[in-house]
Amino acid sequence: MNDILLTLDARTADGKKVAKLRESGFVPSVVYGGHAEPTMTQSKLSDTKKVVKAAGKHTPVHIVISGSKKLAIIKDIDMDPVRHELRHIAFHTINQNDIITTEVPIILTGKGDSVAERAGLVVLQAIDSIEVKAKPANLPESLTLSILSLATDDDVLKLSDLVLPAGVSFADVDQDMGLVIANVYEPSALQADNEAAGGDAEDVSEVKSENGEEAPAATATDATKPATEQPSK
């Protein structure tokens, strides 16, 4: 885990004064945790955006407040729905020995190079994240799974195919290891499903983009389909 550092300054502005704080290039925040009262803080927008991009809600962040360095997790990120700018962040301090439960992204590798894709089939990712638990130093930034073994439309990748790093376990002790992470489909089946759904299902051209071909990219929401909406094989 790479160290991510953000310097926070004590904040006195609240209420209507927070708007002026944002206009001056700062993001208001609050730090919770331990037995201390919540601390109102602020940080430079440019620095904070870099930290949020690098850490998200799954990677510990080293925050410095009045010269004191603490380890924390970003618990909440408030975005302006129109400007898409950061409006507020909530941090929760943690201890190096704490067991942290957080959601980490699942990244499929080998896109465009699997036997299935070379044969003209389409690989869709069914889930793009999973909750795990570990000590802060062991928390992975992401979990990777290769799709190179996929060859036919009968092939799937399940949670049981995912290898967790040392010191990391699934948050749910009763986790269903048969949970499907990726499926293989015939393009014609996806097209038929799209037409039957009146255009709501994922377009084949978008799926091809997911597999590295030139076409508009599909969103994560598009790629995640409930089992009842997935085309029959």
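The values are calculated or read from the model by the stated rules, or taken from the named source; none is laboratory data. Bear in mind the structure is a predicted one, so any value in this text is a computation, not a measurement. Cβ placement follows ideal geometry from the backbone for every residue including glycine, while neighbour counts extend to all protein chains displayed.
Observations on the structure shown:
- With respect to being touching a Lys or Arg at 6+ places or on another chain (Cβ under 6 Å) and either at pLDDT 90 or above or assigned to a helix (DSSP H, G or I) (or both), Asp153 fits the description.
- Condition broken by His58, with the remaining ones in (1) out of contact with any strand residue (DSSP E or B) (no Cβ under 6 Å at 6 or more places or on another chain); (2) outside any strand (DSSP E or B); (3) closer than 29 Å to Asn138 by Cβ satisfied: (1)
- Contact map, region 62-89: residues that are within 14 Å of Val27 (Cβ to Cβ) paired with residues that are assigned to a strand (DSSP E or B) and of a type in the set (Lys, Arg), Cβ distance under 7 Å, separation 6+ or inter-chain. Pairs shown: Ile63/Lys70; Asp78/Arg87; Met79/Arg87; Asp80/Arg87.
- In this entry, Pro60 passes the filter for residues that are in contact with a Pro (Cβ under 6 Å, 6 or more places away or on another chain) and closer than 30 Å to Ala10 by Cα.
- For region 154-168, the count of residues that are under 20 Å from Gly56 (Cα atoms) and charged (D, E, K, R) is zero.
- Residue tally, condition of a type in the set (Ser, Thr, Tyr), surrounded by fewer than 16 Cβ atoms within 10 Å (Cβ to Cβ) and over 24 Å from Lys135 (Cα atoms), over region 15-60: 2
- If you filter region 174-213 down to residues that are β-branched (Val, Ile, Thr) and modelled with pLDDT under 75, you find that the one that is nearest to Ser149 (Cα to Cα) is Val207.
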